[in-house]
Each structure stands twice: as structure tokens, then as C-alpha cells.
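For reference, the structure discussed in these notes is given below.
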Amino acid sequence: MNRFTSLLEDQFDVQKYPKYYADTLHLSTAYLNECAKTATGKTISFHIQERIILEAKRLLFHSSKSVKEIACDLGYDDYSYFSRIFSKATGMTALSFRKKSFG
């Protein structure tokens, strides 16, 4: 998991698929997922998404970039898809998060 976490930190903005991480670590995706579930109770996909959302929150709070620019910075060409992921993970829109942070 330490190797995965380190790799995730380096690649989360460009690599969104568990298969990339498993292949890079010379593991099967199923085994990497099993390791993650054993260690944390969460899937590799969850960890990837969690890291992306954390960075999105950081950028929303600390930058004046638009949500669309942040989505692009995080590797999402489809702004609406990014918005759905953010809303599902946080329970609020990215703009609501920004307003609440400065409220």
C-alpha cells in the first residue's frame, strides 16, 4: 500500500484507473484491490477518487481558478462529469464548497 500511495501521489491527476497502478506495481488489479481492502477497507478506485477530490478541494480553497479550470487541471476534459463526481463524493457542488469555505 505504501508503494501504491506514493505512486498515487505522483499520478492521480493523470492516471484515474486502478489497472494503471496495478500494472506499474507489477500486480494484478484484483490483488492490488484486495490489498487495499485488507489494509483500509476501501477499494483502489475509492482511494484514487478520494485523492482527486482532496486536490479539488485544495484548489477550490486556495486558488481563484474556475471549477472548469480545476477540472481540466485534474485531467477531466468533461466538466460535467467532474462536477458529478465532486457532488457525489462531497454532497455539494464545487461552487457550493467554495462559497462555504469563504462563507
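Which ones in region 30-71 are more than 23 Å from Lys19 (Cβ to Cβ) and in a helix (DSSP H, G or I)?
Lys57, Arg58, Leu59, Leu60, Phe61, His62, Val67, Lys68, Glu69, Ile70
Just one of the numbered conditions (1) under 12 Å from the mean Cα position of the chain (by Cα); (2) at pLDDT below 95 is not true of Asp78; which one?
For Asp78, the exception is condition (1).
Could you tell me how many of the residues in region 1-29 are within 25 Å of Tyr81 (Cβ to Cβ) and assigned to a loop (DSSP other than H, G, I, E, B)?
Result for region 1-29: 6.
Could you list all residues from region 14-58 that are closer than 25 Å to Cys72 by Cα, exposed (fewer than 14 other Cβ atoms within 10 Å of the Cβ) and hydrophobic (A, V, I, L, M, F, W, C)?
Passing the criteria: Val14, Leu54.
Where residues in region 76-96 are of a type in the set (A, V, I, L, M), open to solvent by 30 Å² or more (accessible area, probe 1.4 Å) and in a helix (DSSP H, G or I), which of them is nearest to Gln15 (Cα to Cα)?
Taking the candidates together, the pick is Ala89.
The values are calculated or read from the model by the stated rules, or taken from the named source; none is laboratory data. Computed from a prediction, not measured in an experiment: that's the story for all the values here. As a convention, Cβ positions derive from the backbone with ideal geometry for all residues, glycine included, and neighbour counts pool all protein chains shown. Heavy atoms of the whole protein, side chains included, go into the accessibility calculation; ligands, DNA and RNA do not. Shrake-Rupley method; radii C 1.70, N 1.55, O 1.52, S 1.80 Å.
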